[in-house]
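Please read the structure below before turning to the comments.
Taken together, the values in this text are just the output of simple stated rules run on the coordinates, not laboratory data. None of the values given here were measured: they were computed from a predicted structure.
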Amino acid sequence: MLRKANATDMAIGAKVHQGRLSADMSQEQLADKIGMSRQQIRKYECGQDRIGAARLKAIANALALPITFFYDNLPLIINQPMKQALTLQACKYFGEIKDTVMQAEVLNLLQAINSKRI
């Protein structure tokens, strides 16, 4: 039986997202490199699906990162409050936006909102 993703899975997914952005790679480019769909990469990054060990190793190789990158500071990430339901819902809706220009505008809006935080 498959277990549902938990806070650790969300934290590792966030590290996949961080590593992908650092590599200046799109979800589609990463998906192509490891032979899966962009939608599955989105699910991993949002913590919606768990990432198996072999798949995480393939992601690390594609991003030219050591596997330890995904576990660095993990306890710190897990201990932060995680609003799983809202995060998953936001990822779901964002992933359903087909227009890449609109996706960029949504990201710009989120960055602007975040920069106003104290």
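For this structure, a couple of remarks:
- Once the gyration tensor of the Cα atoms in region 8-65 is diagonalised, the equivalent ellipsoid follows with semi-axes of 14, 12, 11 Å, ordered largest first.
- Across all directions, the shadow cast by the convex hull of region 7-115 built on its C-alpha atoms averages 6.8 square nanometres.
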